[in-house]
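K.L.:
I have a structure I would like to understand better, so I am pasting it below and will then ask my questions one at a time.
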Amino acid sequence: MDYSSIRKQYTNELTNFYQGGAFPQRASADLRFALDCQRKRVAKFGLTMQKKFEKDGAENEKIFEHVQYPYTYTLTKNNCDYETDFYKNGKQVGRSDITEETLYTGILDKQTQGQEQYTCKNCGHTDLLSKFTSGCPMCGTTYEMPQVYPCISGYYTRPTVISKKLYKGMMKGGFWYFGLLGAIFGTLAGLAIADEQGLAGGQAFAMVLFTILVFGGGLLLFGFVFFHLMLGPLLAAKKATQVSKEVKENRAGAETKSRMEADLKKYDEGFSYEYFEEKVLSLLRGIVFSENRNALTIYDGQDPLQYMNNIVDVEYCGTLEYVGSSVVDNVLRVSAKAYVVSACYDNSTGRVDFNKQVYHMILAKKVKKEDYGFSIHAVNCKKCAGSFDAIHISTCPYCGAEYSLIEDNWVVNQITCVKTTPQYLIPQNTI
């Protein structure tokens with residue numbers, strides 16, 4: 001299935017959401033919760049936040065697909081110019097580096113979705129579930145309802161190895177530089193030759209034009225060869241060196257996918273590294289942006305997490321390092337490190353600064369097949385089958401039965417920030 005229109009719609013709606021608009025229509029229930037928590041955190045400090053995704057290059061490319069009937073998880077990517085800006089009282093107080101990024105979007109689909117029906121709780125109208133996305137088609141009532149597929153389950157960006165914009169800019173600048181240099185040398189050489197040969201008037205002018213063409217053309221040809229054959233690889237090497245340096249302490253992350261899948265497929269043959277990676281990021285964001293972590297069912301640790309209270313954005317760096325795993329009493333525990341860039345509001349300066357952070361997380365779940373359609377915001381009681389939002393509730397509100405999230409989904413046992421490195425502050429062009 002071609003998900004291009006869904007991805008484009010989502011990024012447009014996400015940009016609108018961060019400018020104060022409605023939730024992205026195709027965002028999953030879990031993603032909507034994380035977005036809502038983040039928007040409340042940003043508003044708490046009197047900030048406004050804008051994210052922009054401007055498409056650059058080919059349309060999104062499917063790079064991974066995992067089928068676990070009736071669900072299909074697809075990971076797509078495409079290049080975009082991406083930036084995040086923070087404002088307070090109309091003044092810009094923080095900006096991420098504006099770079100060409102690769103946008104990864106996780107799309108979850110359900111094969112039986114087309115046949116599922118839903119009944120409006122207001123007027124009783126029954127129709128296909130997909131027709132209720134924007135509210136009841138009969139009375140217009142909108143409300144929380146079961147997840148509509150396909151949906152965006154998560155997204156993140158990674159820096160591209162070399163920016164096309166930078167390359168084209170350098171090429172353009174090089175042509176102007178060598179062209180001007182050629183014109184100057186050509187003029188001087190033409191005047192010298194005309195003077196030596198005693199040329200005057202039109203002949204001298206023609207000689208100057210000829211030498212300008214020779215010198216200018218020669219230097220432009222040299223510039224093209226230099227920039228095309230030398231600058232591109234040099235810039236790529238520089239960028240690769242920069243990226244390598246950034247993840248120097250994290251080289252083991254390159255082997256994470258194969259190691260993790262080899263270990264965890266022993267317990268769930270359908271285990272997907274890409275889906276787990278997205279799940280870790282979702283849990284991290286949920287914990288970071290929560291205002292009441294003690295009541296969270298997705299986190300049962302006792303770590304001091306007050307340092308998270310001023311974080312207003314979390315960007316994944318594209319690296320999840322697998323540390324190890326174990327199974328005790330049929331509970332699978334996975335130890336991993338997530339590498340992110342956090343935007344932190346500083347009350348003393350009124351600025352938003354950016355820090356590279358490494359979070360060491362231990363996640364736990366009962367050994368069982370992953371349910372791709374599971375949502376913590378619509379769990380079913382094992383006793384009475386009642387559906388409720390379990391993000392802050394561990395007891396069924398209908399029958400009082402205890403509910404343990406670890407039976408169905410990953411729970412964070414421990415989360416520790418093991419490294420924080422300032423990345424960059426507000427750029428000089430801040431208004």
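K.L.:
Could you tally the net charge around residue 257, taking each other residue with its Cβ under 9 Å from the Cβ of residue 257, Lys/Arg +1 and Asp/Glu -1?
P.N.:
Details: positive: 259; negative: 255, 261, 274, 277.
My count for the surroundings of residue 257 gives -3.
K.L.:
A follow-up question, please. Determine ³J(HN,Hα), in whole Hz, for all residues of segment 380-389 in sequence, where each value follows from phi through the Karplus function 6.51 cos²θ - 1.76 cosθ + 1.60 and θ = phi - 60°; x replaces Gly and Pro.
P.N.:
Coupling constants for segment 380-389: 10, 4, 5, 8, 10, 6, x, 9, 7, 7 Hz.
K.L.:
Check residue 78: other-chain or 5+ apart residues with amide H under 5 Å from its amide H, H built from backbone geometry?
P.N.:
61, 103
K.L.:
Something else now. With a Förster radius of 45 Å, plug the Cβ-Cβ distance of residue 43 and residue 188 into 1/(1 + (r/R0)^6) and report the FRET value to the nearest 0.05. Don't skip to the end; give the middle numbers.
P.N.:
Working: r = 64 Å, r/R0 = 1.42.
After rounding to 0.05, the efficiency reads 0.10.
K.L.:
Using the Karplus curve 6.51 cos²θ - 1.76 cosθ + 1.60 with θ = phi - 60°, work out ³J(HN,Hα) for each residue of segment 81-93 in order, rounded to whole Hz, and write x for Gly and Pro.
P.N.:
Result, ordered by residue: 8, 10, 8, 10, 10, 10, 10, 9, 6, x, 9, 6, 10 Hz.
K.L.:
Full-extension gain between residue 65 and residue 19, please, as 0.36 nm times their residue separation minus the C-alpha to C-alpha distance.
P.N.:
On the way: separation 46, 0.36 × 46 = 16.56 nm, distance 3.19 nm.
Stretched fully, the residue 65-residue 19 segment lengthens by 13.4 nm.
K.L.:
Measure off 7 Å from each Cα along the Cα-to-Cβ vector at residue 8 and residue 327, then give the distance between these two points in nanometres to one decimal.
P.N.:
That separation, rounded to one decimal, is 4.6 nm.
K.L.:
Amide H neighbours of residue 125 under 5 Å, at least 5 residues apart or on other chains, H built in the peptide plane: list them.
P.N.:
Distant-sequence amide H within range of residue 125: 120.
K.L.:
Near residue 368, within a Cβ-to-Cβ distance under 11 Å, what is the net charge of the other residues, with Lys and Arg +1 and Asp and Glu -1?
P.N.:
Cβ neighbours under 11 Å give a net charge of -2.
K.L.:
Quote the FRET efficiency, to the nearest 0.05, computed for residue 195 versus residue 54 with a Förster distance R0 of 45 Å and r equal to the Cβ-Cβ distance.
P.N.:
Rounded to the nearest 0.05, the efficiency is 0.25.
K.L.:
Also, I was wondering about something else. Which of 77/337; 77/131; 52/279; 110/382; 8/419 have a Cα-Cα distance over 26 Å?
P.N.:
77/131; 8/419
K.L.:
Something else: Please work out the FRET efficiency for the pair residue 213 and residue 402, using the Cβ-Cβ distance as r and a Förster radius of 56 Å; give the result to the nearest 0.05. Show your work: numbers first, answer last.
P.N.:
Details: r = 86 Å, r/R0 = 1.54.
For residue 213 and residue 402, the calculated efficiency is 0.05.
K.L.:
Neighbouring Cβ atoms within 10 Å as the yardstick, rank 337, 52 fewest first.
P.N.:
The order, fewest Cβ neighbours first, is 52, 337.
Every number in this text was worked out from the coordinates using simple rules, so none of it is lab data. All figures in this text were calculated on a predicted structure; none of them were measured in a lab. Positions of Cβ are backbone-derived with ideal geometry, glycine not excepted, and every protein chain shown enters the neighbour counts.
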